[in-house]
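Structure first, commentary second.
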Amino acid sequence: MFDLDRWREIFQTINKNKLRTLLAGFTVTLGILIFTILFGMGNGLKNTFYEFFQDDAQNTIFIYPGFATKPFKGFKENRRIEFKNEDLELLKEKFGSRIEYITARRYDGVIVKYKSEYGNYNVRAVHPEHQYLEKTIIDKGRYINNNDIQNDARIAVIGRLVEKDLFGNENAIGKYFTLNKIVYRVVGVFSDAGGDREERNIYTPVTTNQLIYKNTDKIDQINLSYNMAIGANGARRLSSEIEQVLKNKHNIAPSDQNGIYVESVIEDLEQNLQIANVLQIIVLWIGIGTLFAGVIGISNIMVYIVKERTKELGIRKALGAKPGAVIGMILQETIVITLIFGYIGLLIGNFVLNSMGTKLEDWFITNPNVSQGTIIFATVILILSGLIAGYIPARRAAKVKPIVALRDE
């Protein structure tokens, strides 16, 4: 393998037969190029799924009320379920050791006005813990705190784009504006990984919202994060137990799937990643199929090369070259061609993926790329491909009898 004379001979042969070498290498370059691009796009699809779930903490559980569609304990079907503050307190009491953060949510669409500027925005009335569940980033001021909840404070934390729309170049902190003609003071400005949609929201204390709107204790949704120590299986059990506790409280039949909805981000992420993995496997097999098409192409060219060099091989065997030496020489030449042109294809593929940038985000492909592990895998594939492509013609060459080879014209 490290015979200097053999290496010199291989490169001399390649240099003398440039067209033949280019034809042999082109199929490998094309195969690894398509393989790299397809695999990179598969990774881009998975990146999209990851980014979609990065907006919220990945250990979050969302709990929504629905409609009880089955009669149970004297209650009729099609009964609307409504959450109240006591439901939040019940979950704290029952599952406190497994809960990291918990918050209620109330939703409202409001007309917001500051001086001559106004617009329609969504208000989320929440508890302070909501900041950690939503991964809200405070750019200025502060978030809602427990004093705001206890005092029913008329304060608001606004999104970056709300500040831009209403306040322009002014600093919104400390300014007063109205939500449906009710005056609030801005105490914070936030940004969010969820982008423009999230940054056009406004957060207020849930108790303030409940007091202003009909003095109610109703809430629209409960969000919580579980202690990561319980793991994915523990999260599934927690989700099931929460559903059971709330069904018992609201007299919902155990078999009724529409009364309470409990969704876990980690489960949604796992399901979506399974879909992404299946798609990537399909893409991977298409890429490997293309790669082996290139291997077949180089194998066919090597058959022609061996036939062309029949007389030369006959002379080698007549001078005492063993069949193993002939096979090794042809295999080494094939591997060299495969590696050189394979890496050209790999480099071109990486260049194409890098040049795509954000151009494919509309097709749910984010940052398409190939990892270091994939490059190592591709290298192994290249070496095996070279061995496969060269072995059959090499073996055929080793079987040629010197006297027959020397008669070849």
Full-extension gain between ILE282 and PHE67, please, as 0.36 nm times their residue separation minus the C-alpha to C-alpha distance. 73.4 nm
Percentage of Cα-Cα pair distances in segment 109-234 greater than 25 Å, rounded to whole percent? 23 percent
Pull up all non-local amide H partners of TYR226: gap of 5 or more, or a different chain, and H-to-H distance under 5 Å with H placed in the peptide plane. ILE61, GLU100
The alpha-carbon center of segment 67-117 and that of segment 176-231 are separated, in whole Å, by 13 Å
Would you mind classifying segment 168-244 by shape? Square roots of the alpha carbon gyration tensor eigenvalues, ordered a ≥ b ≥ c; an a/c under 1.5 is rounded, otherwise it is prolate if a/b is larger than b/c and oblate if not. oblate
With a 1.4 Å probe and all protein chains in place, put HIS130, HIS250 in order of accessible area, largest first. HIS250, HIS130
Accessible surface of segment 33-183 [probe 1.4 Å, protein heavy atoms]: carbon and sulfur percent: 48 percent
Accessible surface, per residue, of segment 70-128 when the full set of protein chains is kept, probe 1.4 Å, Å²: 61 Å²
Per 0.36 nm of contour for each residue apart, how much would the distance between SER371 and GLU100 grow if the chain were fully extended, relative to their Cα-Cα spacing? 94.1 nm
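The values are calculated or read from the model by the stated rules, or taken from the named source; none is laboratory data. As the structure is a prediction and not an experimental result, all values here were calculated from the model. Keep in mind that these areas ignore ligands, DNA and RNA; they rest on the heavy atoms of the full protein, side chains included. Shrake-Rupley method; radii C 1.70, N 1.55, O 1.52, S 1.80 Å.
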